[in-house]
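Novice: I have a structure here, written as structure tokens, and I will follow up with some questions on it.
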Number of protein chains: 2
Amino acid sequence: MQKSEPKKKPPTIKEVAAHAGVSIMTASRAVNGKALVSAKARRAVDLAVKALGYVPNASARALAGSADRRVALLHSHSTTSAYLGELLLGAMSEAPQRHLHLVVEQCAPGAFAAEIVEQVAQAHVAGVILPPPLCDWAELVEGLRARDIAIVAIATDQDVPDMLSVSTDDRHAAYDLTRHLIELGHKRIGFIEGNPRHRSSARRLQGYKDALVHHALDLDEALIVPGDFSYRSGLDAAERLMALDERPTAIFACNDDMAAAAITVAHQRKVNVPAEISICGFDDTPLASAIWPALTTIRQPIRDMSREAIGLLAMRFRSQDEGADGVIGKVKLDYQLIRRQSDAVPARH
Amino acid sequence: MQKSEPKKKPPTIKEVAAHAGVSIMTASRAVNGKALVSAKARRAVDLAVKALGYVPNASARALAGSADRRVALLHSHSTTSAYLGELLLGAMSEAPQRHLHLVVEQCAPGAFAAEIVEQVAQAHVAGVILPPPLCDWAELVEGLRARDIAIVAIATDQDVPDMLSVSTDDRHAAYDLTRHLIELGHKRIGFIEGNPRHRSSARRLQGYKDALVHHALDLDEALIVPGDFSYRSGLDAAERLMALDERPTAIFACNDDMAAAAITVAHQRKVNVPAEISICGFDDTPLASAIWPALTTIRQPIRDMSREAIGLLAMRFRSQDEGADGVIGKVKLDYQLIRRQSDAVPARH
DNA sequence: TTGAAAGCGCTAACAC
DNA sequence: GTGTTAGCGCTTTCAA
């Protein structure tokens, strides 16, 4: 309403303290939820904070307590923006609360691991979040470790000493999805593999195989065809599957893009999805719900994963500060089977 | 290599000054590229910076020169993560250089404009970046303005006083794409509209119409069908278009999702794309290159747009600080016509 | 052209 | 429990 005031600086802790009638230190302690503050003082400060709309100045806080550090979300050119966006959102929401400053670094395409390590080190980063496939790049991980930079890997099953990780159980998710199809009545289920460079690919295949075996179904190698996560590769893979003498009644593609490709192939061959063939994906990317029929798929809580990653880094730093070295942490988050319209009971023949 | 040292604090400007044999101030000035530093001193400092691997401490810098402010990237639930991811990447890369601190705020779904304004104000944000459709929400924009919060709208043509904006020329891009089809030989071009709440939708339609008129082609209203940017709506719209007595030889969908839907419909009807019908999209989302045939579409430089947005905010703040009020800025970025496999010369009949 | 001094807002140490 | 004293690393005065 009143536009006269040229600047209204945000309130400082000093003003909060004055407003609450306590010393600056008490205000600081109260704001940070530390112990050793009387209930009365705490209440007064809380009130003052509300009244003034006080928000701590992150820079000052960072500068004063040496507790703050920079952490980087490192990504390669191959990380899709949707995936990256989710990671960013999660990390950005968590970082300030953990007193961490988040920066984003992109690996130059074709760069050597050593160069990337150098770049990260130059940026005075204390920890990095490594989404796939970076987290499976041994030289990079090793280089970072040598520099004493904390690492948290997203969605890997690698067990590197000191490396933190956040993941979902890919194998188990694939197992569940396969079991879902088996319970629907499918007996011949095609599998389209992902890029062999991503270890998740192998884990998903393992889950698929386990489910088949546990349900006493044949494990026909002809039903397992290669792919590389791209739509294009899915097209070829689906063609191979559909051309089989005994066509599968369901296809489990290692990601949504390839599942979408399989649906396209089915359309072209006038095979109705899901009435004549069920097709499932993995990842629940926007594509999964964009196409028709919408894909039954597995959702991974990407945003939560990066949130957790920040949490792990914060914990690691805290334990380092306290001298307790080498606390390891691996957290597994729950996935979700999202059932949409691309799967059904197999047609009788 | 040597893991013995528990902590190696980054060098400070003090050390740089000492190394260069100058005072702290001279070092500071040199590092910041200010005038009034002798060439000799500057060289010495540069050397010291290189030698020590000095990187300015952002927190200290922000704290000292009160020049830093918080800016928020506001997004609604309807912003897709891919779009948001691109926006974030651009903004995050530019913000530190402009001495701005970026935060992300999500509008609670169904919240009133006043509530959102309140939320933003509480966060002591000096400026906001408003992607569509938020930038076209009059009450929100008005509320923010009343609070004296700088606004930069992404991809809008609204001309609100004081509001900064970064956009591409939607109308012109649509014109170009339509012209492209016309030059290929198409005379009956269907158009699938976008969500009427997004003003870009109307701008694209205008470009389509203009191109038709300028090339002396009939403007058949039956060829313009409604949609809302969703794949689902694209399915319906494409059905209507394909069911027309005189079927169009090309379809221009207002975004990629709907274009993908049109391709699916064409497949179902056994109409070959692009041999029998050309289908173009808009936005160049990942979907555009994920499907087959890959879409000919328009790419907007989203990452650059948010980078520019940050730049505009920084400029606005600077001019405010200098007392020069009301500097307006609207930047237009270039779009790109991405030609892939979904368009071709029309079949003769 | 350069430098010394004085903080920016906050929190670790210590006292009380 | 609370308050006091020092800084964190940097940039803004202002004086030399």
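The values are calculated or read from the model by the stated rules, or taken from the named source; none is laboratory data. Keep in mind that this is a model prediction, so the values were computed, not measured. Glycine gets a Cβ as well: all are built from the backbone with ideal geometry, and neighbour counts include every protein chain shown. Each accessible area value is taken on the protein alone, full model and side chains, heavy atoms only, with ligands, DNA and RNA left out. Shrake-Rupley method; radii C 1.70, N 1.55, O 1.52, S 1.80 Å.
Novice: Work from the charge dipole of the protein assembly as shown (Cβ charges, +1 for Lys and Arg, -1 for Asp and Glu, about the Cα centre) and give the residue of B:Ala275, A:Ile13, A:Ser93 farthest towards its positive end.
Specialist: Farthest towards the positive pole: A:Ile13.
Novice: Only Cα pairs within less than 10 Å get springs; with that Gaussian network setup on chain A, which residue of A:His77, A:His186, A:His198 has the largest fluctuation?
Specialist: A:His77
Novice: Hey, another quick one. How far is A:Val345 from itself in the other copies, in nm, if each label sits 7 Å out from Cα along the Cα-Cβ line, shortest first?
Specialist: Spacings between copies for this position, smallest first, are 5.3 nm.
Novice: Among B:Glu276, B:Glu115, B:Glu221, determine the one that fluctuates most according to a GNM of chain B built with springs between C-alpha atoms less than 10 Å apart.
Specialist: B:Glu221
Novice: Which of rounded, prolate or oblate describes region B:190-288 when judged by the alpha-carbon gyration tensor and an a/c cut-off of 1.5?
Specialist: Numbers: a/c = 1.57, a/b = 1.09, b/c = 1.44.
Here region B:190-288 falls in the oblate category.
Novice: If you don't mind, there's one more thing I want to ask. When Lys and Arg each count +1 and Asp and Glu each count -1, what net charge do the other residues less than 11 Å away from B:Ala30, Cβ to Cβ, add up to? Present the calculation step by step, with values, prior to reporting the outcome.
Specialist: Details: positive: B:Arg29, B:Lys34, B:Lys40, B:Arg42, B:Arg43; negative: B:Asp46.
Surrounding charge for B:Ala30 is +4.
Novice: Could you name the aspartates and glutamates in cross-link range of A:Lys330, using Cα to Cα under 19 Å and dropping any fewer than eight places away on the same chain?
Specialist: A:Glu94, A:Asp136, A:Glu142, A:Asp148, A:Asp157, A:Asp159, A:Asp162, A:Asp169, A:Asp170, A:Asp304, A:Glu308
Novice: Return the single residue from B:Asp176, B:Asp159, B:Asp68 with maximal mean-square fluctuation; model: Gaussian network over chain B, springs between Cα atoms under 10 Å.
Specialist: For chain B, modelled as a Gaussian network with Cα springs under 10 Å, the answer is B:Asp159.
Novice: Mind checking the dipole of region A:170-300: about its Cα centre, +1 per Lys or Arg Cβ, -1 per Asp or Glu Cβ, Debye to the nearest 20? Let's see the in-between values first.
Specialist: Values: 15 positive and 18 negative charges, 21 e Å.
About 100 debye.
Novice: Out of B:Ser201, B:His214, B:Phe252, whose Cα points farthest toward the positive end of the dipole of region B:177-254 (charges: +1 Lys, Arg; -1 Asp, Glu; placed on Cβ)?
Specialist: Checked the options; the winner is B:Ser201.
Novice: Right, another one. From the label point of A:Ala146, set 7 Å from Cα along Cα→Cβ, how far away are the matching label points in the other copies, in nm, ordered shortest to longest?
Specialist: Counterpart label points of A:Ala146 in the remaining copies fall at 6.1 nm.
Novice: Taking the axis about which chain B rotates onto chain A, which residue of B lies nearest it as judged by Cβ position, and how many whole Å separate them?
Specialist: B:Gly85, 1
Novice: At B:Ala275, label 7 Å along Cα→Cβ: distances to the other copies, nm, ascending?
Specialist: 2.6
Novice: Mind checking which aspartates and glutamates have their C-alpha under 15 Å from A:Lys270, skipping anything on the same chain fewer than 8 residues away?
Specialist: Candidates past the 8-residue exclusion: A:Glu239.
Novice: Ignoring ligands and nucleic acids, what accessible area does A:Tyr83 show with a 1.4 Å probe (Å², nearest 10)?
Specialist: The accessible area of A:Tyr83 comes to roughly 50 Å².
Novice: Taking A:Lys14 as the anchor, which lysines have their alpha carbon closer than 28 Å to its alpha carbon, excluding any fewer than eight residues away along the same chain?
Specialist: Filter leaves A:Lys3, A:Lys34, A:Lys40, A:Lys50.
Novice: In whole Å, what is the distance between the alpha-carbon centres of region A:9-49 and region A:196-216?
Specialist: If you average the Cα positions of each part, the centres end up 55 Å apart.
Novice: Given charges of +1 on the Cβ of Lys and Arg and -1 on the Cβ of Asp and Glu, with all other atoms neutral, how large is the dipole of the protein assembly as shown about its Cα centre, in debye to the nearest 20?
Specialist: Numbers: 82 positive and 84 negative charges, 493 e Å.
In total the dipole reaches around 2360 debye.
Novice: Compute the separation of the alpha-carbon centres of region A:256-324 and region B:103-174 and state it in Å as a whole number.
Specialist: 31 Å
Novice: I would also like to ask the following. Which shape class applies to the protein assembly as shown: rounded if a/c is under 1.5, otherwise prolate when a/b exceeds b/c and oblate if not, where a ≥ b ≥ c are the square roots of the Cα gyration tensor eigenvalues?
Specialist: On the way: a/c = 1.99, a/b = 1.36, b/c = 1.46.
Taking the square roots of the gyration eigenvalues as a ≥ b ≥ c, the protein assembly as shown is oblate.
Novice: What angle do you read, to the nearest 10 degrees and between 0 and 90, between the alpha-carbon axis of helix B:231-242 and the longest principal axis of chain B?
Specialist: 30 degrees
Novice: To the nearest 500 deg cm²/dmol, what mean residue ellipticity at 222 nm is calculated for the protein assembly as shown from DSSP H runs of n ≥ 4 alone, each contributing -39,500 (n - 2.57), summed and divided by the residues?
Specialist: Values: 26 runs with 302 residues, N = 698.
Value at 222 nm, helices only: -13500 deg cm²/dmol.
Novice: For the charge dipole of the protein assembly as shown, defined by +1 on Lys and Arg C-beta atoms and -1 on Asp and Glu C-beta atoms about the Cα centroid, which residue among B:Ala30, A:Ala72, A:Ala261 has the Cα displaced farthest towards the positive pole?
Specialist: Of B:Ala30, A:Ala72, A:Ala261, it is B:Ala30.
Novice: If you don't mind, another one. How far is helix B:170-184 tilted, in degrees, relative to the longest principal axis of the Cα atoms in chain B, given as a value from 0 to 90 rounded to the nearest 10?
Specialist: 40 degrees
Novice: Oh, and also: What is the dipole size for region A:13-56, taken about its Cα centre, with +1 at each Lys and Arg Cβ and -1 at each Asp and Glu Cβ, in debye to the nearest 20? Please report the intermediate quantities before stating the final value.
Specialist: On the way: 7 positive and 2 negative charges, 29 e Å.
Dipole about the Cα centre, nearest 20: 140 debye.
Novice: Tell me, what is the 1.4 Å probe accessible area of A:Lys40, in Å² to the nearest 10?
Specialist: 150 Å²
Novice: Rounded to the nearest 10 degrees, what's the angle between the helix B:256-268 long axis and the longest principal axis of chain B, both from Cα atoms, 0 to 90?
Specialist: Relative to chain B, helix B:256-268 is tipped by roughly 30 degrees.
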